[in-house]
1. Taking the condition of being open to solvent by 20 Å² or more (accessible area, probe 1.4 Å) and either on the phi > 0 side of the Ramachandran plot or touching a Lys or Arg at 6+ places or on another chain (Cβ under 8 Å) (or both), how many residues in the stretch 114-134 meet it?
2. If you go through the stretch 268-295, how many residues are at pLDDT below 95 and part of a strand (DSSP E or B)?
3. Does ALA265 satisfy being assigned to a strand (DSSP E or B), crowded, with 21+ Cβ neighbours inside 10 Å and in contact (Cβ under 8 Å) with a residue 12 or more places away in the chain?
4. Looking only at the stretch 322-343, how many residues end up being within 16 Å of SER408 (Cα to Cα) and basic (Lys, Arg)?
5. Does ALA254 count as crowded, with 20+ Cβ neighbours inside 10 Å, over 21 Å from GLN156 (Cα atoms) and not polar (S, T, N, Q)?
6. Looking at this structure, is LYS234 open to solvent by 80 Å² or more (accessible area, probe 1.4 Å) and either more than 16 Å from ligand 2 (Cβ to nearest atom) or touching a Lys or Arg at 6+ places or on another chain (Cβ under 7 Å) (or both)?
7. Mind checking which residues of the stretch 230-262 are β-branched (Val, Ile, Thr) and assigned to a helix (DSSP H, G or I)?
8. Out of all the residues in the stretch 189-209, which are open to solvent by 30 Å² or more (accessible area, probe 1.4 Å) and either touching a helix residue (DSSP H, G or I) at 6+ places or on another chain (Cβ under 8 Å) or within 16 Å of ligand 1 (Cβ to nearest atom) (or both)?
Amino acid sequence: MKVMKFGGTSVGKPERMHQVSQLITKDEEAKIVVLSALSGTTNALVEISNSLSAGNREAAKQKIDALETHYRNFVLELVKEEANRNKANAVVSEHFEFLNIILRISFSEALNKDILAQGELMSTKLFCTYLDEQGIDHMLLPALEFMSIDANEEPQLLPIRNRLNQLLKEHASKKLFITQGYICRNARGEVDNLKRGGSDYTASLIAAAIVGSVCEIWTDIDGMHNNDPRVVNKTVAIEQLSFDEAAELAYFGAKILHPTCIWPAQQENVPVKLLNTMQPEAVGTVITKEAGSVGVKAIAAKDGIIAIKIKSSRMLLAYGFLRKVFEVFEKYRTSIDMITTSEVAVSVTIDTDTALAQITKELEPFGSVEVLKDQTIVSIVGNEIAQTDKVLQKLFNAIQDIPVTMVSYGGSAHNISLLVPGTEKVKTLQVLNEGLFGL
Ligand code: ADP
Ligand code: ASP
Ligand code: MG
């Protein structure tokens, strides 16, 4: 059995959904198809939620109405027979009735999660209506019946596997299952989600749960590129990546994959393929245990980084100093991305300012604390980078004119990270593209 996940743009237009139905019926293998919301929908739902939480009901109502019009038009082109149009319109009515009801009740975090779930709930039901019209046998598997996160907001593979396998056993005669990406239940049993871009995570978790033959992530580009195509003009697709390389790229900002979506597939050794819905014949990227080749493969950038520098003459030769520093971050459940040290200072980066004030306050007794906001981590990822001929020379030549804040090298054989001011990100990605890839 395999998993095929289609992202927002892959289902964002009626003709794309038609194309998806062809892609999922090309071969005989049983499959679980994971769908995102139509492109733009989750952003719209976030805006609706924000308007509501700010008490601006009128703005929320306007956005709800605009979104409903979009879905009504979508239905007109998606299905042609009257009975199916009625069915699809009933789906739209059900979910927009819910969105209109919430205009009248008080806002809460739980309600916010319910609002955000509407996109995937609608896209899957609408797609199933289209499959009905095409006479394609299928079954809708509600993600809320098997996908879950624990009290730390982490998905646990075992309970997901048990529930999913039970559902599959109950419908053993079916070969095509459709389910929602992104949405899940939390430890309190409420509707929740796997964070933005989380449909990739859903796909990988399902692939691991069923130990699928492959986890295919279908999107709007022909695989993982060597650099961010939104920032740099000339980029090329990478044919093969190891799980470790792909995980580093995803975590350090390659938007094509959700930051933590690789581990489930990696745990069960299920290959992940990145494929292009708009160009299905392109080879794409295959992610497996093996790296395929040695050397630098790609560059990614993660924005919104905060650097914290703790300087203390007492750190000199003091054991236990770093532990005390790290304990502060642990206490506020804030993970550290980059670390550099010298005899008298340690610098770390974090990607959230949620507990920044408390953290800096608790670090102050250790020495002087300096905070630098709006930084970007630029990661150079590959296999056995250190062994690559002249890689450091090429790298440092390329960044001659960039005011680099931190450099981290040697932590893993797959990664060299630079911290640069956010305003230097575009230039850094461009000069590295030329210096490391000759592009
Ligand atoms: P989907 O909606 O299918 O999940 P996303 O928008 O989340 O798609 O991811 C695909 C997009 O990721 C591409 O259109 C591209 O602009 C962006 N992207 C950023 N970095 C990379 C990269 N290194 N390789 C490929 N795509 C990337
Ligand atoms: N629809 C969700 C989002 O836009 C999840 C996803 O598409 O992966 O973030
Ligand atoms: Mg995505």
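1. Number of matching residues: 2.
2. Here the count works out to 1.
3. Judged against the criteria, ALA265 is not a match.
4. 0
5. Considered against the rule, which asks whether it is crowded, with 20+ Cβ neighbours inside 10 Å, over 21 Å from GLN156 (Cα atoms) and not polar (S, T, N, Q), ALA254 comes out as yes.
6. yes
7. Result: ILE262, single match.
8. Result: GLU190, LYS195, ARG196, GLY197.
The values are calculated or read from the model by the stated rules, or taken from the named source; none is laboratory data. Computed from a predicted model, the values in this text were never measured in an experiment. Positions of Cβ are generated from backbone atoms using ideal geometry, with glycine treated the same way; all protein chains shown enter the neighbour counts. With ligands, DNA and RNA removed, areas are computed over all heavy atoms of the protein, side chains included. Shrake-Rupley method; radii C 1.70, N 1.55, O 1.52, S 1.80 Å.
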